[in-house]
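Structure first, then comments.
Taken together, the values in this text are just the output of simple stated rules run on the coordinates, not laboratory data. Note that the structure is a prediction, hence the values are computed from the model and not measured. Here the Cβ positions follow ideal geometry from the backbone for every residue, glycine too, while neighbour counts run over all protein chains shown.
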Amino acid sequence: MKKSLLLLLVFSVSLLVLSCHNQPSKDTQTILTGRLRVLVDESLLPIMEEQVDVFEHIYDYAEVELIGGPENQVVNRLFNRDAEVIVLTREFTERERKFFEAREFRPRIARFATDAVALIANRNYPDSTVTVDDIVSILRGDSPSVRSARLVFDNPNSSTVRFLKDLAGVDSLPKAGVYAVKSNSEVLKHVYETPHSIGVLGVNWVVRPSSDLQPYASGVKVLAVKGLKGKVGSDGYYKPTQSNLAEGVYPLSRPVYLINCEPRRGLGMGFSAFLTGLSGQRIILKSGLMPDSLPPREIIIRKEIKR
């Protein structure tokens, strides 16, 4: 009898050990478990922090570390293999694609949102509108017609600088009329404190600011923008609202991509599926950006019973 009880105890302990051993953990790398480092264009950092909070809440054994920085910096870190997943507002350039082609590897690219480059001004700034022509004239070093305002960027190597340089057709920023700080949060603070400046930053920094930045976001205004003649948004002035992004009329909109360079099926694939799925797209919808696919809305209609 004692021997049977001892065998039963040994068997039970063995089952417990095996079941614990088979439990998922953050050390187990699958598409829904493990640890993942993601490089993020800093202009998109607030929305990505929201995404990670929900993703980790749903998947207990997943841990995502976000590393934000200027576009050039995070791209360089990707090619230095500091991480295998990156979130950008552009796809790879021809030169960057050749890096992967030489290794016979094709990164997985998932577009999951449309972002807007917002132009903000101090509450006391006399105008509430600006044209892309005005912005282009400043970037080309011409005499601007925007009340001697200067553009304030987050960083010389940021995606917003690259985006507007491409728009203006210039390779470098002029010495006058343009000022660069160190981050999107500093742009917000600088414009809050400086009446005659126009800040350039990702729209989610204004729409969904953190609690410490809320006072600054409340003290600035988002300018309505008119596009270049014959281009998107040239028929009026548009703000970077979701409806304008959906209709494609805001002239400073840009796509958002997650680029997965993992050589295997790992957590990067699961995180990408989350961003493009229902939960991730709902978070985008609440953030002020435009989701790549609108989540469906269920409307329940109840028939009223007459008494």
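Below are the figures for this structure:
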{"quantity": "Protection proxy ranking of 261-272, 182-193, 198-209 - average other beta-carbon atoms within 10 Å, highest first", "calculated": "198-209, 182-193, 261-272"}
{"quantity": "For the chain, calculated [θ]222 nm from helices alone, where every DSSP H run of n ≥ 4 adds -39500 (n - 2.57)", "calculated": "-11000 deg cm²/dmol"}
{"quantity": "Prolate/oblate/rounded call for region 116-254, Cα gyration tensor, a/c under 1.5 rounded", "calculated": "rounded"}
{"quantity": "J(HN,Hα) series, region 43-59, from Karplus relation 6.51 cos²θ - 1.76 cosθ + 1.60, nearest Hz, glycine and proline x", "calculated": "5, 10, 4, x, 5, 5, 5, 5, 4, 5, 4, 6, 4, 6, 5, 6, 10"}
{"quantity": "The chain - Kirkwood radius from inverse mean 1/r over Cα pairs (Å)", "calculated": "21.7 Å"}
{"quantity": "Aspartates and glutamates with Cα under 20 Å of Lys229, excluding same-chain neighbours fewer than 8 positions away", "calculated": "Asp133, Asp134, Asp142, Asp166, Glu247"}
{"quantity": "Packing rank of 118-131, 166-179, where each peptide gets the mean count of other beta carbons within 10 Å, highest leading", "calculated": "118-131, 166-179"}
{"quantity": "Two-site label geometry, Asp60 and Asp212: point separation in nm, points 7 Å out along Cα→Cβ", "calculated": "3.2 nm"}
{"quantity": "Burial order of peptide ranges 213-219, 58-64 (average beta-carbon count within 10 Å, highest first)", "calculated": "58-64, 213-219"}
